[in-house]
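Undergrad: Below you will find the structure I want to go over with you.
FYI, it's all coordinate maths here, none of it is from the lab. Because the structure is predicted, anything quoted here is derived from the model rather than measured. As a convention, Cβ positions derive from the backbone with ideal geometry for all residues, glycine included, and neighbour counts pool all protein chains shown.
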Amino acid sequence: MIIPSFEEIKKVTDSRYKLVMLVSKRARKIVDGNEPLEETELQKPVSIALDEVVKGDVVYGPTMTDDQYDEYIEEQKNEKLNILKAEMLKEIKLDTVEETEAIEDVEEE
């Protein structure tokens, strides 16, 4: 594992607690399947996360609570579902109009 100097850590944050939280959250995302932000020969998620943090690829800032994040994800899902529903309704209406026209054409013959 790369152990950065305290000077490097101070560039990221003045709080060791914040550093630990940032690295642990990023490492968890890597474990959950997120790809590293840069190519690296490091293998362990914590080492990769620490390297990304020290390089400035991952920064500490305002975040959402779990409830806020869940709400945001739910809103995104609902928006996508509404778009899909609207597209499906258009297709159904088009199919219905085409079927109605086809029936009318057959009846006219």
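Undergrad: First measure r as the distance between the Cβ atoms of Leu81 and Arg28, then evaluate 1/(1 + (r/R0)^6) with R0 = 30 Å and state the FRET efficiency to the nearest 0.05.
TA: Efficiency computed from Cβ-Cβ geometry: 0.60.
Undergrad: Can I ask one more? To make sure I understand, if each residue's beta carbon is the centre and we count other beta carbons within 10 Å, what order do Ile73, Ile48, Ile9 fall in, fewest to most?
TA: Placing the least packed residue first, the sequence is Ile73, Ile9, Ile48.
Undergrad: With charges set only on the Cβ (+1 for Lys and Arg, -1 for Asp and Glu), what does the dipole of region 1-62 come to about its Cα centre, in debye to the nearest 20?
TA: Approximately 400 debye in magnitude.
Undergrad: Which entries of Lys29/Lys55; Lys55/Lys80; Lys11/Lys44 have Cα-Cα distances beyond 27 Å here?
TA: The pairs that break the limit, which is 27 Å between Cα atoms, are Lys55/Lys80.
Undergrad: Right, here's the next one. How large are Rg and Dmax for region 1-92 when only the alpha carbon atoms are used, in Å?
TA: 18.6, 63
Undergrad: Hey, with R₀ at 25 Å, roughly what FRET efficiency would Asp70 and Asp14 work out to, going by the Cβ-Cβ distance, to 0.05?
TA: 0.25
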